[in-house]
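Peer 1: I'd like to ask you about the structure that follows.
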Amino acid sequence: MLAPSTATPPVTGTVPASIAVTAHWVAPRLVGDIAYRERTATGLRHPSWRRLRFDRAPEDITIPEVN
């Protein structure tokens, strides 16, 4: 079952117009653990899925800043 739809993105910051025009936003309910080499201005470099994290709540998650 999908999370309820929302009219606005459930993220802080600006969403690029190329993504926002076709996006369908949902409220986060699950947390995933992703491994990656680095984070760039355009996204993650070499991401790979690790696992679901049932010990973390979506509102507790922060995204690292781009260096």
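The values are calculated or read from the model by the stated rules, or taken from the named source; none is laboratory data. This is a predicted model, so every value here is computed, not measured. Here the Cβ is made from the backbone with ideal geometry for all residues, glycine too, and neighbour counts use every protein chain on show. Surface areas here come from the heavy atoms of the whole protein model, side chains and all, with no ligands, DNA or RNA. Shrake-Rupley method; radii C 1.70, N 1.55, O 1.52, S 1.80 Å.
Peer 1: Taking the dipole about the Cα centre of the chain, with the C-beta of Lys and Arg at +1 and of Asp and Glu at -1, give me whichever of His46, Ile61, Trp25 is farthest to the positive side.
Peer 2: The one lying farthest along the dipole's positive direction is His46.
Peer 1: Let me ask you something else. Between Asp55 and Trp25, what length comes free when the chain is fully extended (0.36 nm per residue of separation minus the Cα-Cα distance, one decimal in nm)?
Peer 2: Full extension of this stretch gives 8.4 nm more.
Peer 1: Next question. Which sequence of Val31, Val21, Val26 reflects their accessible areas, 1.4 Å probe, from the largest down?
Peer 2: Largest accessible area first, the list is Val21, Val26, Val31.
Peer 1: Here's something else I'd like to know. In Å, what Rg and Dmax follow from the Cα atoms of the chain?
Peer 2: 13.2, 36
Peer 1: Hey, another quick one. How much area per residue is accessible in the chain when the probe is 1.4 Å and only protein heavy atoms are counted (Å²)?
Peer 2: About 88 Å² of surface per residue is accessible.
Peer 1: Given only helices, namely DSSP H runs of n ≥ 4 each adding -39500 (n - 2.57), what is the per-residue ellipticity at 222 nm of the chain, to the nearest 500 deg cm²/dmol?
Peer 2: Result for the chain: -1000 deg cm²/dmol, rounded to the nearest 500.
Peer 1: Now for a different question. How many percent of the accessible area of the chain is carbon or sulfur, using a 1.4 Å probe?
Peer 2: Carbon plus sulfur share of accessible area: 55 percent.
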